[in-house]
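A quick write-up on the structure given underneath.
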Amino acid sequence: MNTFLHDYGVPDTDTLSGLILMKTPSRLTGRPFFTSHPNLPFYGLIQYACAPHILRSRNRIPTMALKGQVHYETRGDIALLTVDNPPVNPLSSGVRQGLLDGVEKALANDAVKAVVLTGANRAFIAGADISEFGAAATAGASLNEALNKLEGSSKPIVAALNGTAFGGGLEVALCCDYRVAVATAPVGLPEVKLGLLPGAGGTQRLPRLVGASRALNFIISGEPVLAPEAAELGIIDRVIDGDLVDGAIAYAHEILAAGGKTRKIRNESSAVEADRGNPDIFAEARKTAAATMRGRFAPEMIIRCVEAAVNAGDFDAGMKVEAECFAQCLNHPQRQSLIHMFFAERECAKIPDVPKDTKTVDLKSAAVIGCGTMGGGIAMCFANVGIPVTILEMEQDALDRGMGVIRKNYERMLARGRITEAELNERMALLTGSLAYEDLGSADVVIEAVYENIDVKVEVFKKLEQVMKQGAIIASNTSGLDVDKMAAATSRPQDVIGLHFFSPANIMRLLEVVRGKDSSIETIATSMKLGKTLNKLAVLSGNAPGFIGNRMVAGYTRQAGEVILQGATPYQVDGVLTQFGMAMGPFQMNDLVGLDLGWRARKLAGIDPANVPITARVADKLCELERFGQKNGRGFYIYGDNSRSGTPDPEVVEIVEQTSKELGIERRPIDDDEVLKRCLYPLVNEGCRILEQGIAIRASDIDIVYLNGYGFPDVTGGPMFWAEQQGLDNVLADIRKFQKEYGDAWEPAPLLERLVAEGKGFGDV
Ligand code: 3H9
């Protein structure tokens with residue numbers, strides 16, 4: 001019997017028993033990833049889903065011990081059950097068993113008339129225990145048994161949501177008769193973000209409660225709402241002011257006073273009956289899913305489940321469809337990638353030599369140098385979270401221009417309804433412009449975002465050294481320059497760090513935190529915490545040219561440049577990569593960033609056109625024709641008025657063909673498979689070097705960088721995870737082939753060779 005399916009009560013269907021269980025050796029380790037123990041098949045599945053080092057670090061050793069508990073006490077005629085499984089109360093084995101035991105105990109006690117179920121810690125219940133997916137068999141009740149016990153109770157049960165009620169947590173609440181919550185409790189069914197669906201009855205009970213259309217929006221978006229909005233939707237019966245448990249007990253007494261009726265959602269059918277015979281609801285949901293979740297597998301499964309809730313006839317028939325669709329999601333590679341990303345996001349906050357309890361500074365004020373695209377965006381990040389920020393420019397004109405752009409950005413957000421006018425005014429009031437370095441001195445953190453040139457930056461650091469108060473963090477928003485050189489311009493290198501924001505800084509979630517050789521652990525810990533405060537995903541990188549992201553992307557763009565000279569067109573390359581799932585192709589990216597940046601830098605440096613790298617020749621020619629990219633409406637693509645999606649231009653293809661001819665390169669058809677491999681494998685090869693040199697702490701950190709900073713598709717789990725799924729041996733074989741054909745730029749990374757030779761994966765590094 002499959003452990004996860006058993007624990008969560010999903011039937012072990014044929015589809016499931018043929019799951020990944022006995023399929024192929026693990027791409028991660030090269031070893032078979034199933035075990036011979038009859039109770040352990042899913043241990044293999046999770047090995048497939050997560051990098052092994054993550055598994056090891058999470059110490060998921062097979063154990064029969066129950067995890068988590070549910071406390072039982074009585075308060076008068078009410079039994080109070082409190083889920084306790086820190087930090088976020090997932091439905092681990094002990095919780096499932098505790099729920100079952102608690103309800104049984106309450107039912108057996110004649111003095112108990114009703115039950116209140118709540119959570120200790122900061123959550124009600126955060127859902128199924130994701131770390132149990134595929135872990136060892138656990139003793140105790142399955143989720144199904146626990147839920148049946150709750151739903152079968154003859155005494156009313158009130159779920160009292162003290163905090164997060166997500167996924168299986170909300171599904172537990174939906175098996176209770178009534179639901180109350182504190183106003184701050186987030187309520188949601190985020191399974192879709194993990195490539196799953198609410199598989200504990202959520203797809204069947206929610207439509208019965210709120211109707212199919214609302215349920216579909218709620219489940220497909222995966223976005224949580226706060227309790228007051230959940231109450232408006234009809235999910236929560238009452239929002240409680242004051243003490244939650246007291247309020248819930250009072251609510252239970254009201255129910256008892258009114259006759260003590262139970263209310264089982266499974267028996268409510270009016271909402272779904274009203275939706276029956278209305279296929280538009282599902283057509284609309286499919287349209288939304290296609291627009292917002294392109295290429296995702298789970299949304300269609302969700303729609304089928306809700307269709308079943310409406311049309312299947314009875315509740316149990318709908319539950320059967322849900323179980324089958326859940327199993328398909330569980331079995332899907334997208335689920336593996338997305339769960340890999342879930343753990344990877346949490347792992348990247350963990351830095352081996354920076355203990356969790358390292359002292360950090362509370363950053364209450366900030367300064368930014370430069371009010372251009374990057375500086376302005378970074379200043380907005382601070383203002384968005386209520387931190388006052390002083391912005392320094394050299395000239396009043398530049399300052400006015402920069403502040404104007406920030407205001408325009410906020411006005412655009414206002415027009416789209418993303419902020420209110422009051423918020424716009426509050427945020428603008430947090431921004432102070434200045435032309436004098438002295439005005440920055442009292443800030444807790446300063447980030448320079450000046451021109452990307454090491455000499456310019458060193459000069460800025462010398463000035464900062466003079467004005468910044470002791471203990472302030474002095475940071476550079478460099479995208480790849482030497483942080484140690486900047487630190488050496490000060491007498492306090494321990495306070496210096498790189499904070500590489502990605503453009504547009506106020507939107508992009510990634511923040512590369514770059515530790516210099518002397519950055520103190522306090523500076524590192526404070527900077528990682530700052531990332532969280534600014535709602536960024538902070539990844540620590542070592543100080544090496546290009547850090548993690550830009551160092552890897554160099555090979556990617558170089559290959560894209562090469563394949564178009566050898567026979568592909570920019571539009572073929574972009575098409576292949578967007579088809580793979582990238583947010584945009586390399587030439588679309590060039591147009592977005594601006595082709596003129598490199599061209600101007602080369603001109604400034606006086607580089608002879610004959611010495612310009614061949615892969616930059618086409619872009620330089622386009623610049624000579626004043627085609628700078630999106631900024632002036634023409635680059636590799638032509639952009640209509642204010643349009644961000646360009647149309648291909650035959651003139652560009654002619655320029656590419658002409659350039660091949662000038663360089664004596666014979667053009668030939670290059671198939672899509674080769675285009676894809678030639679663009680993506682340099683990421684993997686360089687990623688291996690970055691890992692081996694300790695610039696990234698773990699392979700999954702590289703995945704995080706690529707997903708959040710470079711538009712790599714999340715359903716692939718990032719370039720390193722994706723490479724393991726292709727088989728590192730296959731990747732290496734292709735890289736060796738390319739080395740023979742295209743030279744030593746393709747020399748395999750030693751780490752890649754070693755892992756393949758030893759049959760290991762990145763988790764073994
Ligand atoms: C599901 O429910 C399926 C069912 O429908 C069907 C079943 C048949 N399990 O994020 P944080 C860990 S699918 C296990 O840093 P925050 C997390 O790894 C599930 N562990 O805190 C971390 O561990 P560590 C649907 C979990 O306050 C620690 O808790 N539910 C789980 O920023 C703290 O997490 C979801 O998708 C879990 N479910 O955010 C909810 N959740 O310290 C997923 C967290 O060792 N979770 N952990 O690194 C979240 O969205 C956020 O964690 C939450 C707290 C909002 C709860």
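Considered as a group, the residues in region 706-758 that are small (Gly, Ala, Ser) and open to solvent by less than 10 Å² (accessible area, probe 1.4 Å) include one that is farthest from Phe547 (Cα to Cα), and that residue is Gly727. Do we find a residue being in the same structural domain as Leu161 (by TED's automatic domain parsing) and within 22 Å of Asp177 (Cα to Cα) anywhere in region 287-309? Yes; the residues of region 287-309 include at least one that is in the same structural domain as Leu161 (by TED's automatic domain parsing) and within 22 Å of Asp177 (Cα to Cα).
Here the condition is being assigned to a loop (DSSP other than H, G, I, E, B), open to solvent by less than 10 Å² (accessible area, probe 1.4 Å) and not charged (D, E, K, R); of Ala475, Ala489, Ala505, it holds for Ala505 alone. For Ser527, are the conditions met, namely being surrounded by fewer than 24 Cβ atoms within 10 Å (Cβ to Cβ), more than 27 Å from Pro613 (Cβ to Cβ), among the polar types (S, T, N, Q) and at pLDDT 95 or above? Considered against the rule, which asks whether it is surrounded by fewer than 24 Cβ atoms within 10 Å (Cβ to Cβ), more than 27 Å from Pro613 (Cβ to Cβ), among the polar types (S, T, N, Q) and at pLDDT 95 or above, Ser527 comes out as no. Remark: pairs (first residue in region 709-733, touching a residue at least 40 places away in the same chain (Cβ under 8 Å); second residue acidic (Asp, Glu); Cβ separation under 7 Å; 6+ apart in sequence or on different chains) = Gly717/Asp703; Gly718/Asp703; Pro719/Asp703; Met720/Asp703; Phe721/Asp703. Can you pull out every residue in region 420-457 that is within 23 Å of Tyr410 (Cβ to Cβ) and of a type in the set (Asp, Glu)? Scanning region 420-457 gives Glu421, Glu423, Glu426, Asp439.
Here's a check for you: in region 436-447, which residue that is open to solvent by less than 10 Å² (accessible area, probe 1.4 Å) and not small (Gly, Ala, Ser) is nearest to Met394 (Cα to Cα)? Looking at the filtered set, the residue picked out is Leu440. Exactly one of these conditions fails for Arg644: (1) touching a residue at least 60 places away in the same chain (Cβ under 8 Å); (2) charged (D, E, K, R); (3) within 30 Å of Glu624 (Cβ to Cβ). Give me its number. The number of the failed condition is (1).
Considering only residues that are out of contact with any Phe, Trp or Tyr (no Cβ under 6 Å at 6 or more places or on another chain) and open to solvent by less than 60 Å² (accessible area, probe 1.4 Å), look in region 588-605 and name the one that is farthest from Gly711 (Cα to Cα). Per the criteria, the residue is Arg602. Taken together, Leu226, Leu209, Leu233 contain a single residue that is under 26 Å from Lys113 (Cβ atoms) and buried (at least 17 other Cβ atoms within 10 Å of the Cβ), which is Leu209. Consider Ala422 carefully, then state whether it is under 23 Å from Gln494 (Cβ atoms) and of a type outside the set (Lys, Arg). Spelling it out, it is not the case that Ala422 is under 23 Å from Gln494 (Cβ atoms) and of a type outside the set (Lys, Arg).
Of the strands (runs of 3 or more DSSP E) lying entirely inside region 164-210, the ones with 1 or more residues being near the ligand (Cβ under 10 Å from one of its atoms) and in contact (Cβ under 8 Å) with a residue 60 or more places away in the chain are found at 164-166. Is region 448-462 home to any residue that is assigned by TED's automatic domain parsing to the domain that holds Val513, β-branched (Val, Ile, Thr), in contact with a Leu (Cβ under 7 Å, 6 or more places away or on another chain) and open to solvent by less than 10 Å² (accessible area, probe 1.4 Å)? Checked against the condition, which is being assigned by TED's automatic domain parsing to the domain that holds Val513, β-branched (Val, Ile, Thr), in contact with a Leu (Cβ under 7 Å, 6 or more places away or on another chain) and open to solvent by less than 10 Å² (accessible area, probe 1.4 Å), region 448-462 yields no hits at all.
Only one entry of Ala367, Ala308 meets the criterion of being outside any helix (DSSP H, G or I) and either in contact with a helix residue (DSSP H, G or I) (Cβ under 7 Å, 6 or more places away or on another chain) or free of Cβ contacts under 8 Å to residues at least 60 places away in the same chain (or both), and that entry is Ala367.
Scanning region 99-135 for residues that are more than 16 Å from the ligand (Cβ to nearest atom) and assigned to a helix (DSSP H, G or I) yields Asp101, Gly102, Val103, Glu104, Lys105, Ala106, Leu107, Ala108. Within region 290-310, count every residue that is modelled with pLDDT under 95 and open to solvent by less than 50 Å² (accessible area, probe 1.4 Å). Residues in region 290-310 being modelled with pLDDT under 95 and open to solvent by less than 50 Å² (accessible area, probe 1.4 Å): 1 in total. Evaluated against (1) buried (at least 22 other Cβ atoms within 10 Å of the Cβ); (2) in contact with an Asp or Glu (Cβ under 7 Å, 6 or more places away or on another chain), Val368 falls short on exactly one condition, (2). In region 173-199, what count of residues is obtained for those that are under 26 Å from the mean Cα position of the chain (by Cα) and open to solvent by less than 10 Å² (accessible area, probe 1.4 Å)? Here the count works out to 9.
Number of residues in region 211-242 that are over 26 Å from the mean Cα position of the chain (by Cα) and either within 13 Å of the ligand (Cβ to nearest atom) or in a helix (DSSP H, G or I) (or both) equals 6. Sub-9 Å Cβ pairs linking a first residue in region 402-426 that is part of a loop (DSSP other than H, G, I, E, B) and of a type outside the set (Ser, Thr, Tyr) to a second residue that is surrounded by fewer than 14 Cβ atoms within 10 Å (Cβ to Cβ) and at pLDDT 95 or above, at least 6 apart or interchain, are Arg418/Arg412, ordered by first then second residue. Residues in region 419-435 that are of a type in the set (Val, Ile, Thr) and open to solvent by 60 Å² or more (accessible area, probe 1.4 Å): Thr420, Thr432.
If you go through region 69-118 and pick out every residue that is of a type in the set (A, V, I, L, M), surrounded by 23 or more Cβ atoms within 10 Å (Cβ to Cβ) and under 32 Å from the mean Cα position of the chain (by Cα), you end up with 6.
Restricting the search to helices (runs of 4 or more DSSP H) fully inside region 654-765 and requiring at least 3 residues that are more than 22 Å from the chain's Cα centre (by Cα) gives 672-692, 728-742, 750-758. Tell me, please, whether a residue that is among the hydrophobic types (A, V, I, L, M, F, W, C) and outside any loop (DSSP other than H, G, I, E, B) can be found in region 344-353. Yes, that holds for at least one residue.
Evaluate region 396-409: report whether one residue or more is within 17 Å of Asn535 (Cα to Cα), open to solvent by 70 Å² or more (accessible area, probe 1.4 Å) and away from the ligand (no atom under 16 Å from the Cβ). No, every residue in region 396-409 fails to be within 17 Å of Asn535 (Cα to Cα), open to solvent by 70 Å² or more (accessible area, probe 1.4 Å) and away from the ligand (no atom under 16 Å from the Cβ).
Residue count for region 120-163 satisfying the condition of being of a type in the set (Gly, Ala, Ser), free of Cβ contacts under 8 Å to residues at least 60 places away in the same chain and open to solvent by 10 Å² or more (accessible area, probe 1.4 Å): 3.
Criterion applied to Ile665, Ile670, Ile690 was being crowded, with 18+ Cβ neighbours inside 10 Å, over 30 Å from Gly763 (Cβ atoms) and in contact with a helix residue (DSSP H, G or I) (Cβ under 7 Å, 6 or more places away or on another chain), and the one residue passing it is Ile670.
The values are calculated or read from the model by the stated rules, or taken from the named source; none is laboratory data. Bear in mind the structure is a predicted one, so any value in this text is a computation, not a measurement. Cβ: placed from backbone, ideal geometry, glycine included. Neighbour counts: every protein chain shown. Remember, those area values only see protein heavy atoms, side chains included, never the ligands or the DNA or RNA. Shrake-Rupley method; radii C 1.70, N 1.55, O 1.52, S 1.80 Å.
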